[in-house]
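Structure first, then comments.
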Amino acid sequence: MEEFFFYLFASVTVGLVLLMIVQDSPVASAMCLVGAFFGLSGLYVLLSAPFVAVMQILVYAGAIMVLFVFVIMLLNLKEHELVYDRMNLKRVVVLFIGLGLFAFLTKLFLRIPKVEFAAVEASFGTVKEVGRTMFVNYLIPFELIGILLLVGLVGAVLLGRREE
Amino acid sequence: MPVVLVAIIKVVVPLLVILNLLPLMIWLERKGSAFIQDRPGPNRAQILGVRLGGLVHSLADVLKLLFKEDIIPNHVNKIFYLAAPVITLFVACVTFIVIPFADALPLKNGGFFTFQAADLNAGILYTLAMTSLGVYGIMLAGWSSNNKFALLGGLRSSAQMISYELSMGIAVLTVVMVSGSLSLNDIVLAQGANPLTWNCLRLLPACLVFIVAAFAETNRSPFDLPEGESELVAGYHVEYSSMKFAMFFMAEYINMIVASALIVTLFFGGWQIPFVDTATLRDNADKLVYYSALGFGSFSLLVGLILVTKFKKGYYGDSRDYEVLVLGVPAILVGLLLLVGTLINGHFYFGTEAKQIWAALFQIGLFLAKTLFMCWVFIWVRWTLPRFRYDQLMTLGWKYMLPTSLVTVFAAALVMLLMSQQDQ
């Protein structure tokens, strides 16, 4: 049963991400990405991390992607304004390098010996445990990440500000 | 697989309750607006003379929407145009599964039967996530319609929802902090049976912020700018007709019911009956059933008698004359049956389990009554307040509600810290 759901969510995620790349319309791309986030969220649930799963939907699908779609809609691109990628020699070479890298990684991946992981305890992944990990065990790294994000935010505002 | 069966029942029954509340809500909206604007409201539609005070209009609407021609304009983006109402309705319908309708029943095997479809560990986050997804339906409807008014409506809606989600989330955070849990049933339990300890009084600013944000999230007046008909015709659903329009319409009312249920759960004690905790309620369930049967019987009898005395032949000159009899006589009969039956039967004697089930039924009843009252508040506000201007909406969201909710979180945290230090 678990395996079935894993393959279901995994194929949904991978399939929608592929669809996102090949899509012409930016809004359709964004919606495929939203769908892929749902697949990811399902995978998190299978990994007994319900909190991360809900956060995935709440933050990525519910907030960040809404902003993405909002901006895309605000630009309101017309069909003829979209630039389509054409195949040329450079792109073909890059494609083959990418495929080679993929084959190499697959080969490495298949060599990894199978390891049995210990089962996690029942409280793993609940809000309480995540909170304890973040705010007790790793408080200083957590705060540092917070400051880093704040710096990024201020930087973005500064860069995006209109020249007076 | 009885577990699966129970799960299906738990999902389907509340969904049916909410779907069946829809015509009632539409009736309430129409009659409420009529009452506020001092006019009679809908009273024409009839089935063999029976009008039920305008309720039949809802039925007529359903038939009209079902049989209207389903038009798909040529200039729309078909996939998203068709998906948008489905997304909107789906998101509106899945939110309620974490809302508890009554206290959990203890089972013989030591477990509990919960009156919510899923007692998620992160229940309140789930509702927030689902409400934040609701914006996709509206945005896609606006964009795929390929129409200036619809696009503006969709943009307005998404900007508004993003702005108000923040204050809403922080208001919820205050509740979570005070209750010490993200599970909605625990939040209800933490509020206790005494109305003075309910969150609406303990956390008044958070409660006000949440209610205002809920109005904005459901796109209800005074925040209904996405469909402001004076500027945008009908906003994001201007290109929709027939059942696809009806789905947006249904989603709006379901959102309203779910938002009311959430407000009641978070701030007005959920299923808690004022001054009666679950244990007392379970002990006295038999008396309560006895007296409420008597009360309901006499109420039904009284209403029936009033209706029957209004009978006057030839007032309308057609079958509508007999409406008061068609409604009044059964009401009298039901009332008499209940009264006589209860009095002959005397006191009820229930076993423990029957008492628990009756107690749960009373809690469900009170929860629904509170929810309906909050729905009435939604209608009341809609027909009383004028619509905001767009800059006023943004000012209210960012400059007033966000600081208020932040200060509330800070103050609540400070009070909790001081109280925990006093205990030591």
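The values are calculated or read from the model by the stated rules, or taken from the named source; none is laboratory data. All figures in this text were calculated on a predicted structure; none of them were measured in a lab. Note: ideal-geometry Cβ built from the backbone for every residue, glycine included; neighbour counts use all protein chains shown. Remember, those area values only see protein heavy atoms, side chains included, never the ligands or the DNA or RNA. Shrake-Rupley method; radii C 1.70, N 1.55, O 1.52, S 1.80 Å.
Observations on the structure shown:
- Projecting the Cα positions of A:Phe124, A:Leu158, A:Leu47 onto the charge dipole of chain A (unit charges on Cβ atoms of Lys, Arg, Asp and Glu, taken about the Cα centre) puts A:Leu158 furthest along the positive direction.
- Tensor-based shape of chain B (alpha-carbon gyration tensor, a/c under 1.5 rounded, otherwise prolate or oblate): oblate
- Sequence ranges B:200-213, B:405-418, B:280-293, B:364-377, ranked by mean other-Cβ count within 10 angstrom, highest first: B:200-213, B:364-377, B:280-293, B:405-418
- A/B buried area, accessible surface, summed, 1.4 Å probe, Å²: 1900 Å²
- Protection-proxy order for peptides B:68-75, A:4-11, each taking the mean of Cβ atoms within 10 Å per residue, highest first: A:4-11, B:68-75
- Screening chain B for whole DSSP H helices with an alpha carbon extent of at least 15 angstrom along the helix axis and a mean Kyte-Doolittle hydropathy of at least -1.0 yields B:2-36, B:56-67, B:78-94, B:123-144, B:148-179, B:204-217, B:242-267, B:285-309, B:323-345, B:352-382, B:402-423.
- Exceeding the 22 Å Cα-Cα cut-off - candidates B:Lys64/B:Lys310; B:Lys108/B:Lys355; B:Lys64/B:Lys148; B:Lys148/B:Lys244: B:Lys64/B:Lys310; B:Lys64/B:Lys148
- The Cα center of region A:147-163 and the Cα center of region B:139-193 differ in position by 26 Å.
- B:Ser241 long-range amide H proximity, modeled H, under 5 Å: B:Ile71
- Per residue of peptide A:16-29, the mean number of Cβ atoms on other chains within 10 Å of the residue Cβ is 1.
- Peptide B:119-129 - average C-beta neighbours from other chains (10 Å radius): 5
- Full-stretch length increase - B:Tyr349, B:Asn109 - with 0.36 nm per residue and alpha-carbon distance subtracted: 84.0 nm
- Mean accessible surface per residue for region B:325-384, computed with a 1.4 Å probe while every protein chain stays in place, in Å²: 55 Å²
- Cut-off 11 Å between beta-carbons: net charge of the residues surrounding B:Ser144, Lys and Arg +1, Asp and Glu -1: 0
- Summed side-chain charge close to B:Tyr322 - residues other than B:Tyr322 whose Cβ falls under 12 Å, Lys, Arg +1, Asp, Glu -1: +2
- Placing unit charges on each Cβ (+1 for Lys and Arg, -1 for Asp and Glu) gives chain A a dipole about its Cα centre, and among A:Ala63, A:Met73, A:Val22 the Cα reaching farthest toward its positive end belongs to A:Val22.
- In terms of its C-alpha gyration tensor, chain A has an oblate overall shape, because the principal axis ratio a/c (a ≥ b ≥ c, square roots of the eigenvalues) is not below 1.5 and a/b does not outweigh b/c.
- Shape call, region B:1-120: gyration tensor on alpha carbons, a/c limit 1.5: oblate
- With kT/(6 pi eta Rh) evaluated at 25 °C and eta = 0.890 mPa s, and Rh the Kirkwood radius from Cα pairs, the protein assembly as shown diffuses with a coefficient of 89 µm²/s according to Stokes-Einstein.
- Using the Cβ-Cβ distance between A:Ser123 and B:Lys78 with R0 = 60 Å, the FRET efficiency computed as 1/(1 + (r/R0)^6) comes to roughly 0.80.
- Rolling a 1.4 Å probe over the protein heavy atoms of region B:359-424, with every protein chain left in place, gives an accessible area that is 73 percent carbon and sulfur.
- Remark on B:Phe112: its backbone amide H falls under 5 Å from those of B:Leu107, a criterion applied only to residues 5 or more positions apart or on other chains, H modelled at 1.01 Å from N.
- Shielding by partners, peptide A:31-40 (average Cβ within 10 angstrom, other chains): 1
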